[in-house]
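These notes are about the structure you will find just below.
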Amino acid sequence: MTELEKREQKEVTTTSAEQLTDAKNSYKPDVDIFYGEDKLFIAMDIPGVKKGDVNIEVDENNTLIIKAKTSFKEPEGALYKQFGIGNYYRAFTLSDEFDKDKISGNLENGVLEITIPKKEEAKPKKIEIKV
Amino acid sequence: MFFDFESAFRELENLRNEIDNIFNRSNYYRYSTFPLVNMYENNDSLQLVAELPGVNKDDINITLNNDILTLSGKREEKKYAEKVETLRNERSFGNFEKSFRLPVLVKKDEITANFADGLLTINLPKAEEAKPKKITIQA
């Protein structure tokens, strides 16, 4: 890899969660995170990744780690490059209110969607008080 | 110790220029618009690869006007639930349009495009006159 190509790689951010695992030689994908009433939604752009090549795990420190392997074979002879082709890595710290055993994910057209439900006791409850 | 103000300022000026150069070269400032595109060239063709994750195939338009290739379309934002609070918002949505000047002539009728896993690949075969020719020396 030439110096110029190296420089064009997106920097992998090192938040406290991300320092826990080696994120070298991976790209940091763009992500949207939404906090719903009973769920957390994550949408992540990982173009070039096929179904089955994504690994989602939660480690003992409650860190959600997403790793994805690209299937795109880069052609030779780049005239110019605005993005690098490679694997993806991103990690976030989850709070205790989420049920890490019920995480579900779906990959469609280069977008990974992850749903993490809240634990039953953390969901908002309607309490009626009769006076 | 003798302190040379002039050379100190020159050093500062050099440092400032170098920092400016780093920012000019980084992809964040230069290519912040969607979609990001790579262009490749071999002896027979040009290949353009664009990152279009989450875009419907039918929402992508590719047009060629002389040597200007234009990529346009729309990226729709998906609504996940009624009541949501946005914690992170790094992805961009909406209409996009990007044009590229092709460095060589291409065969207009033989352009093909393929869209898979959010990556669009446009294959542009070079016109015969744009292909490299080996010239043999007669004598």
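What tally of residues in the stretch B:116-130 results from selecting those that are of a type outside the set (Gly, Ala, Ser) and more than 14 Å from chain A (Cβ to nearest Cβ)?
Matching residues across the stretch B:116-130 total 2.
Of the residues B:Ile62, B:Ile19, which is over 14 Å from the mean Cα position of the chain (by Cα), more than 12 Å from every other protein chain (Cβ to nearest Cβ) and at pLDDT 95 or above?
Of B:Ile62, B:Ile19, the one residue that is over 14 Å from the mean Cα position of the chain (by Cα), more than 12 Å from every other protein chain (Cβ to nearest Cβ) and at pLDDT 95 or above is B:Ile62.
Has the stretch A:88-102 got any residue that is assigned to a loop (DSSP other than H, G, I, E, B) and of a type in the set (Gly, Ala, Ser)?
Within the stretch A:88-102, the first condition is being assigned to a loop (DSSP other than H, G, I, E, B), and the residues that meet it are A:94-97, A:99.
Next cut, of a type in the set (Gly, Ala, Ser) only: A:95.
Checked against the condition, which is being assigned to a loop (DSSP other than H, G, I, E, B) and of a type in the set (Gly, Ala, Ser), the stretch A:88-102 yields at least one hit.
For B:Leu69, state whether it is outside any loop (DSSP other than H, G, I, E, B) and farther than 26 Å from A:Thr115 by Cα.
yes
Evaluate the following for A:Tyr80: is it among the hydroxyl-bearing types (Ser, Thr, Tyr), closer than 30 Å to B:Thr121 by Cα, modelled with pLDDT of 90 or more and part of a strand (DSSP E or B)?
Judged against the criteria, A:Tyr80 is not a match.
Give the stretch A:58-104 a look and list any residue that's within 10 Å of the chain's Cα centre (by Cα) and of a type outside the set (A, V, I, L, M, F, W, C), or say none.
A:Lys67, A:Tyr88, A:Tyr89, A:Arg90 - these are the residues of the stretch A:58-104 that are within 10 Å of the chain's Cα centre (by Cα) and of a type outside the set (A, V, I, L, M, F, W, C).
Need the failing condition index for A:Glu57 against (1) in contact with a Phe, Trp or Tyr (Cβ under 8 Å, 6 or more places away or on another chain); (2) free of Cβ contacts under 8 Å to residues at least 12 places away in the same chain; (3) assigned to a strand (DSSP E or B), just the number.
It fails just one condition, (1).
How about the stretch A:105-131: which of its residues are farther than 30 Å from B:Ala116 by Cα and either under 15 Å from the mean Cα position of the chain (by Cα) or without any contact (Cβ under 8 Å) to a residue 40 or more places away in the chain (or both)?
Matches in the stretch A:105-131: A:Lys119, A:Glu120, A:Glu121, A:Ala122, A:Lys125, A:Lys126, A:Ile127, A:Glu128, A:Ile129, A:Lys130, A:Val131.
Going through the stretch A:86-131 one residue at a time, which ones are at pLDDT 90 or above, of a type in the set (Val, Ile, Thr) and surrounded by fewer than 19 Cβ atoms within 10 Å (Cβ to Cβ)?
Matches in the stretch A:86-131: A:Thr93, A:Ile103, A:Thr115.
The values are calculated or read from the model by the stated rules, or taken from the named source; none is laboratory data. What you are looking at is a predicted structure, and each value in this text was computed from that prediction instead of being measured. FYI the Cβ positions are ideal-geometry reconstructions off the backbone, even for glycines, and counts take in every protein chain you see.
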